[in-house]
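The values are calculated or read from the model by the stated rules, or taken from the named source; none is laboratory data. Treat the numbers as computed from the prediction; the structure is a model and nothing was measured. FYI the Cβ positions are ideal-geometry reconstructions off the backbone, even for glycines, and counts take in every protein chain you see. Accessible surface areas use protein heavy atoms only, side chains included; no ligands, DNA or RNA. Shrake-Rupley method; radii C 1.70, N 1.55, O 1.52, S 1.80 Å.
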Amino acid sequence: CEISNNNGYKFFNPKMESELSNRIQMESLLRGALSRDELSLNYQPFVDTQSQNVIGAEVLIRWYNPTLGQVSPVDFIENAEQSGQIIEIGYFVLRNALKQLAYWRELYNRDFYLAINISPVQLKDSYLIDKIVQLLELYKIPGNLLEIELTENAFIHDATHAQEILNKLHHHGIRLSLDDFGTGYSSLSYLQNYPFNSVKIDRSFIRNLETSEQSRQLVNTIIAMANNLQLSLVAEGVENQFQADFVAKQGANIWQGYHLGKPVDANDFAQQYLIPSMT
Ligand code: C2E
Ligand code: CA
Ligand code: CA
Ligand code: CA
């Protein structure tokens, strides 16, 4: 965000300067976050629209810093991508989530999968596939119990490389999900050319279902398309019964949203969804 004046010189205004120092402060605090044990994981349930069972969960990172307080991933993931720290953070997420899954599988003996968000920057890391495969082996987790969520940004810089990585993940049985569907511009070709198993309709469409005929039409169209392509369809951001009923009736396979369950830590998740009830 530099501004050039008439002479071609560039200068920063005070607002930019404070944004810059915020960014640098965040980057340096984030650099110590792992060793200070400030990062943790939350889990948000995926609910099957037919059986109404919890069949999996999305893993969502949390950062609590004593100086900054609770920092949303919306506010620090981009910073971590720019500084490269997302690689290390990404491994923290993969390692801890898969370890948690192994523990739950042992304790509750249930088939249940986790979906993990992977940044486009992580796709460029040449060790990514090997590390994921090693973790799956270490924790004895079949590939199909791991789903990787990617946004269209994954394909912007080097679509050929992204395709290669996705094919490798697919060959290991790992599931692939296209996140935030409908917010980009050429999603349909991605669905055709990459081995996706599922599509997540962006929350912005679900949010407007009650008020906007256009959103209802778009959601119907996206669900029908996913059904035709035999892709599993996840409706994210489901906040009320109207939205839940609407997408289920149109053929969505999975609900995700506050109406079904907010993201919670591992203990709460097990309490709420995994421990068999006494009834
Ligand atoms: P996302 O992947 O689209 O994740 C869904 C976001 O929507 C999450 O926000 C979730 O808490 C929120 N959400 C779920 N249901 C509802 C609902 O019914 N209503 C509303 N208003 N919101 C709902 P969160 O946890 O703040 O994460 C924000 C974004 O940060 C994620 O968007 C994802 O892009 C990124 N992110 C989170 N964890 C990770 C991670 O481990 N790695 C990477 N690379 N990115 C992550
Ligand atoms: Ca996601
Ligand atoms: Ca999403
Ligand atoms: Ca999003």
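Per-residue 3J(HN,Hα) values for segment 189-198, derived from phi via the Karplus relation 6.51 cos²θ - 1.76 cosθ + 1.60 with θ = phi - 60°, read 5, 5, 5, 6, 9, 10, x, 6, 9, 8 Hz in sequence order (x marks Gly and Pro).
Each residue, Lys131 and Ile55, gets one label point 7 Å from its Cα in the Cβ direction; the gap between the two is 3.0 nm.
When the surface is traced with a 1.4 Å probe over the full set of protein chains, Lys262 keeps roughly 120 Å² accessible. For Lys168, the accessible area of its heavy atoms, probed at 1.4 Å with every protein chain present, is near 90 square angstrom.
How much accessible area per residue does the chain have, in Å², with a 1.4 Å probe?
Numbers: 14950 Å² over 279 residues.
In whole numbers, the chain has 54 Å² accessible per residue.
Given the -39500 (n - 2.57) contribution per DSSP H run of 4+ residues, what per-residue ellipticity at 222 nm results for the chain, rounded to the nearest 500 deg cm²/dmol? Before the final figure, lay out the partial values.
Working: 11 runs with 124 residues, N = 279.
One gets -13500 deg cm²/dmol as the mean residue ellipticity at 222 nm.
With all protein chains present, how much of the accessible area of the chain (probe radius 1.4 Å) comes from carbon and sulfur, to the nearest whole percent? Display every interim value, and only then the final one.
Values: 7200 of 14950 Å².
Of the solvent-accessible surface of the chain, carbon and sulfur hold 48 percent.
Listed by chain and number, the lysines placed with their C-alpha closer than 29 angstrom to that of Lys124 are Lys99, Lys140, Lys168, Lys200; residues fewer than eight positions away on the same chain are left out.
The stretch between Tyr113 and Asn240, if pulled fully straight at 0.36 nm per residue, gains 43.3 nm over its current Cα-Cα span. Looking at the chain, the DSSP beta bridges with both ends there are about 45 percent antiparallel. The orientation-averaged projection of the convex hull spanning the C-alpha atoms of segment 173-255 amounts to 5.1 square nanometres.
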